[in-house]
Amino acid sequence: MRALHWQGVEIGGQVRDLYTARRVSDAPLPGVLAVDMRGYALWPALINAHDHLELNHYPRSKFRDVYANAHQWGEDVNARLGQPPYSDGQAVPLPDRLFIGGLKNLLSGALTVAHHNPLHRPLRRADYPVQVLRRCGWAHSLHFSPDVAASYARTPPDVPWIIHLAEGTDAVASAEYKRLKALGCVGSNTVLVHGVGLTPEDRQDAAQHVRGLIWCPSSNLYLLGQTADVRAWQAAGGRVALGSDSRLTAEGDLLDEMRVALAAGQADAGAVLRMATTDAAAVLGLSDVGSLQPGMQADLIVTPAGKSPVGLRRADLVLVVREGMPLIGDPEVMARLPHVETVPAMLDGRPKAIHVGLARRIIRCRLQEPGLTLRARPARRWFFLAQSI
């Protein structure tokens, strides 16, 4: 791992230098490579607090204009699993489905992801594109999970326990918080996903007693026609993290979700960014991501100076760096990092350079990420590089 000295970069509105290897350092490290980053801004990589990583190769789907609750949508989908395109999607090997979900997040600068499903073995591989939350408990929902109380009881009290709740606008959704509380599953480690149908009384109670709310506005608006009242949640003292959900219901990636969140008018750009960095880290119980303080993991994204990630699209990101290793970026910036072997690519019509190890994984995947094409195959010798990404 090459230590890097990021010179003249804008961080938090101030121009200064930053030192990284696998982690952020407060001083130069041996063998450091100086990189001139004048004209660019550096940000902590984003945290996606909610995704279903194996579902991102399916088309965005619904079968009614508006659902009263997401359980109805789930039943609609389940009834069609034996038909294309869902049967075709299920035939794709699980490692490839999971890889596309990780790649979607990496390309948007979301390098830590909470996966709301089992922690399959491919998610623990060193070459998986992003870091997946490992210390958590979860249940799908009150409707689809028969063992909600047992799942909560199995989860240590200092570990977040995550559940879809009140994902709807009807009486079924609005009754779910009281049902969860009656089961003994409302506590300081409980994390609610969606919360659209929470009553004002339940919202006030939950904001005081649970660990946080994960907001997925584009998915909510698509299925339900409205989203959670996060302004009231925060006014009651609750934390909010942002999640993209999967492409099965959501706009796209976490950057898309940030734009939808901003357009919803419940938070300004600074608050939306915190929901995808520091606040997300707090909700998920993570202590080494979400900021660029010394000792933190060197996960970062680069944008043009003066531009926040909020409002950008994935092709606008100048550089994405995971644990100090640049993985994809604009060719002129990647060229300043001669220790990184790259492959030319196009992302949403924009030229990019991709780390050869990542390019190798993209080629091996049976699925193709929409909007991403490699303009050259890695040379054969690159397939045997031992360097982990």
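Taking helices (runs of 4 or more DSSP H) as the structural unit, those lying wholly within segment 167-223 and holding at least 3 residues that are in contact with a helix residue (DSSP H, G or I) (Cβ under 8 Å, 6 or more places away or on another chain) and crowded, with 21+ Cβ neighbours inside 10 Å correspond to 200-209. Within segment 98-123, the residues that satisfy the criterion of being within 16 Å of the chain's Cα centre (by Cα) and either part of a loop (DSSP other than H, G, I, E, B) or of a type in the set (D, E, K, R) (or both) are Lys104, Ser108, Gly109, His116, Asn117, Leu119.
Annotation: Ile389 fulfils all but one of (1) touching a helix residue (DSSP H, G or I) at 6+ places or on another chain (Cβ under 6 Å); (2) modelled with pLDDT of 75 or more; (3) within 17 Å of Ala126 (Cβ to Cβ); the unmet one is (2).
Taking the criterion of being of a type outside the set (Phe, Trp, Tyr), under 28 Å from Leu55 (Cα atoms) and not assigned by TED's automatic domain parsing to the domain that holds Cys216, would at least one residue in segment 261-268 satisfy it? Looking through segment 261-268, none of the residues is of a type outside the set (Phe, Trp, Tyr), under 28 Å from Leu55 (Cα atoms) and not assigned by TED's automatic domain parsing to the domain that holds Cys216. Scanning segment 225-238 for residues that are closer than 12 Å to Gly168 by Cα and crowded, with 23+ Cβ neighbours inside 10 Å turns up just one, Ala228. Against the criterion of being in contact (Cβ under 8 Å) with a residue 40 or more places away in the chain, surrounded by fewer than 17 Cβ atoms within 10 Å (Cβ to Cβ) and on the phi > 0 side of the Ramachandran plot, Gly39 qualifies. Of the candidates Thr373, Thr342, Thr303, the single residue that is under 20 Å from the mean Cα position of the chain (by Cα), at pLDDT 95 or above, more than 20 Å from Val113 (Cβ to Cβ) and not assigned by TED's automatic domain parsing to the domain that holds Glu54 is Thr303.
The values are calculated or read from the model by the stated rules, or taken from the named source; none is laboratory data. None of the values given here were measured: they were computed from a predicted structure. Don't worry about glycine lacking a Cβ; one is built from the backbone with ideal geometry, like all the others, and counts go over all protein chains shown.
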